[in-house]
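All remarks here apply to the structure that follows.
The values are calculated or read from the model by the stated rules, or taken from the named source; none is laboratory data. A quick note: this is a predicted structure, and the numbers were derived from the prediction, not measured. Reconstructed Cβ throughout: ideal geometry from the backbone, glycine too, with neighbour counts over all protein chains shown. Accessible surface is based on the protein model in full, side chains and every heavy atom, while ligands, DNA and RNA are left aside. Shrake-Rupley method; radii C 1.70, N 1.55, O 1.52, S 1.80 Å.
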Amino acid sequence: MTGLKWTPWRTAGASSVGAMNAATTRGALLAALACVLVGGSFTANSLLGDYPYAGGQFLRYGLACLLLFPLAGRGAAAALRALPPRLWGRLALLAAVGMVGFNLAVLAAERTAEPAVPGVLVGCAPVVVAVLVPLLDGRRPRRQVLYGASAVAVGAFTVQGWGRT
């Protein structure tokens with residue numbers, strides 16, 4: 001994968017589908033699997049009406065950590081110990097807001113609405129990303145990306161429905 005450089009604002013080097021390699025394809029497939037799992041979680045979360053928020057999230061992520069730890073590979077513990085305190089703080093903030101906060105918000109939303117409502121709202125996230133990322137980079141959103149993001153949002157709406165809301 002020489003010649004590829006990623007920054008938070010742009011990707012350089014991989015300008016065509018022909019530049020994709022096995023790692024890129026694997027990453028795309030894993031990202032697609034993650035989308036399917038997140039989408040399916042809305043229906044599963046609707047069954048957790050009496051789920052204890054904080055304790056349940058602690059058990060959920062603790063179990064996930066124990067299951068993923070053997071997959072981390074050799075040297076993972078040393079790499080974690082080498083992280084500076086500033087990065088540990090950023091990692092903790094990301095986990096609190098992006099993982100635990102998101103799931104707590106979904107559970108709270110599903111106590112007052114059907115699973116379709118938060119599912120459709122999350123399905124619309126690609127449209128927001130397709131608009132905001134180019135604007136933050138000082139560019140105009142690309143029409144093809146907006147079409148693709150809109151197709152994802154329409155697909156989420158079609159699959160989830162809007163329920164009785």
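Below is a table of values for the structure above.
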read-out: Residue 34 versus residue 21: modelled label distance in nm, points set 7 Å from Cα along the beta carbon direction; value: 2.1 nm
read-out: Gyration tensor verdict on region 52-165 (Cα atoms; rounded if a/c is under 1.5, prolate if a/b is larger than b/c, oblate otherwise); value: oblate
read-out: Residues residue 139 and residue 66, FRET efficiency given R0 of 35 Å [Cβ-Cβ distance, rounded to 0.05]; value: 0.25
read-out: Equivalent ellipsoid dimensions for region 116-164 as semi-axes, Å, which come from the Cα gyration tensor, largest first; value: 24, 10, 5
read-out: Heavy-atom accessible area per residue - region 59-115, 1.4 Å, Å²; value: 76 Å²
read-out: Rule-of-thumb Rg ratio for region 59-115 [Cα; 2.2 N^0.38 Å; N residues]; value: 1.48
read-out: Approximate spin-label separation residue 129-residue 158, in nm, with each point projected 7 Å along Cα-to-Cβ; value: 2.0 nm
read-out: Accessible area per residue in Å² at 1.4 Å probe, computed on region 116-164; value: 67 Å²
read-out: Ranked by how many other beta carbons lie within 10 Å on average, peptides 148-157, 86-95 from highest; value: 148-157, 86-95
read-out: Charged-residue dipole, Cβ positions (Lys, Arg, Asp, Glu), region 59-115 about Cα centre, Debye nearest 20; value: 360 debye
